[in-house]
Amino acid sequence: MSASRSARIWSLVAVQAASRGAAVSAADVCAASLATVAVSGAGLTAATRAGSGHVMCATDEVSEQIAELELTLGEGPGPDAAAAGGPVLSSDLGADDAAARWPGFAPAARQAGVAAVFAFPLQIGAIRVGVLEMYRRQPGPLSADQLGDALVFADTAAVLLLESKDRAAAGPWPQAGPGGQPQFLALHRAEIDQATGMLTEQLEVGIEEAFVRLRAYAYAHERRLTEVARDIVARRLRLPVDPDVPADGAR
């Protein structure tokens, strides 16, 4: 990657931050990447020790939905990129290989209006801090220049994410979630975590099993994970100890 390409990408990110009168952040990487890489939307998920991740930015509802589908289903380009430590480029989710690789994610994403997804792990050396994902509403591969730009955007996001974690460790950030996560996204994640914690008590299972049951219910009932979590937290929904028994308050 040339220094001139890196400088150009950083300039685009800085201009994006300046346009909203704020310090440069991961959200500016997502927004600046749209026109440059010629994608319809972008989202960035920060890695956590639990492996599920926090959505740090999403340029639109579809980008947020992609991240939630991957969290619910446990599959998709994002999780694969994080596990492999290399880009995962799916230029056509309607292709047979995509359907075979992600039997749950591919059709659900297409139903949401996603035709192609490109996922890039955020890493510096051996440190992996998250994944940058971009999508298109129409199928088609990235050009060589677009791929090069996307890789630099991912590198830039990795640096900013590490810096945000350092700042978060130094003290509390008002109006933000973990590591500078936007408040509305942090609220979604908090609801999922709270619902999972409640299920450990209700079902008398460990935290991992509780999360699996939460995801399974959302998937089986074709509902968003955040919606199911919100109902559980509000006590409108109670999952049974036996997963084969209908849930109380099920919709």
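The values are calculated or read from the model by the stated rules, or taken from the named source; none is laboratory data. Bear in mind that the values here come from a model prediction, so they are computed numbers and not experimental data. For neighbour counting, all protein chains shown are included, and Cβ atoms are generated from backbone atoms with ideal geometry for every residue, glycine included. Surface accessibility is based on the protein's heavy atoms, side chains included, excluding ligands, DNA and RNA. Shrake-Rupley method; radii C 1.70, N 1.55, O 1.52, S 1.80 Å.
Worth pointing out:
- With respect to being open to solvent by less than 30 Å² (accessible area, probe 1.4 Å) and in a helix (DSSP H, G or I), ALA100 falls outside the description.
- Residues that are over 21 Å from ARG215 (Cβ atoms) and either among the basic types (Lys, Arg) or in a helix (DSSP H, G or I) (or both), drawn from the stretch 103-145: ARG128, ARG136, ARG137, ALA144, ASP145
- Output for the stretch 217-240, where each listed residue is hydrophobic (A, V, I, L, M, F, W, C), within 19 Å of GLN111 (Cα to Cα) and in contact (Cβ under 8 Å) with a residue 24 or more places away in the chain: ALA218, LEU225
- The set of residues from the stretch 60-75 being at pLDDT below 95 and hydroxyl-bearing (Ser, Thr, Tyr) comprises just one member, THR72.
- Picking from residues in the stretch 1-47 that are open to solvent by less than 40 Å² (accessible area, probe 1.4 Å) and of a type in the set (Ser, Thr, Tyr), the one that is modelled with the lowest pLDDT is SER25.
- Of all residues in the stretch 64-117, those that are touching an Asp or Glu at 6+ places or on another chain (Cβ under 6 Å) and polar (S, T, N, Q) total 0.
- Selection status of GLY140, at pLDDT below 95 and open to solvent by less than 30 Å² (accessible area, probe 1.4 Å): no
- Test: PHE153 is at pLDDT 85 or above and either closer than 19 Å to GLN123 by Cα or surrounded by fewer than 16 Cβ atoms within 10 Å (Cβ to Cβ) (or both): yes
- Of all residues making up the stretch 115-132, the number that are closer than 18 Å to VAL159 by Cβ and within 17 Å of the chain's Cα centre (by Cα): 9
- Of the residues screened, ARG189 is not one that is at pLDDT 70 or above and part of a helix (DSSP H, G or I).
- Reported count of residues in the stretch 188-242, each being open to solvent by 70 Å² or more (accessible area, probe 1.4 Å) and touching a Ser or Thr at 6+ places or on another chain (Cβ under 7 Å), is 2.
- Pairs with Cβ under 8 Å, 6+ apart, first in the stretch 103-123 and over 14 Å from VAL62 (Cα atoms), second among the basic types (Lys, Arg): PRO121/ARG128; LEU122/ARG128
- Of GLY74, GLY86, all but one fail to be of a type outside the set (Ser, Thr, Tyr) and closer than 22 Å to LEU147 by Cα; the exception is GLY86.
- Matching option when the condition is more than 30 Å from ALA14 (Cα to Cα), in contact with a Gly (Cβ under 9 Å, 6 or more places away or on another chain), modelled with pLDDT of 80 or more and of a type outside the set (Val, Ile, Thr), among ARG230, ARG236, ARG215: ARG236
- Output for the stretch 125-151, where each listed residue is under 23 Å from VAL62 (Cα atoms) and among the aliphatic types (A, V, I, L, M): VAL129, VAL131, LEU132, MET134, LEU142, LEU147, ALA150, LEU151
- Restricting the stretch 64-91 to residues that are touching a residue at least 60 places away in the same chain (Cβ under 8 Å) and assigned to a helix (DSSP H, G or I), the residue that is nearest to PRO121 (Cα to Cα): ALA67
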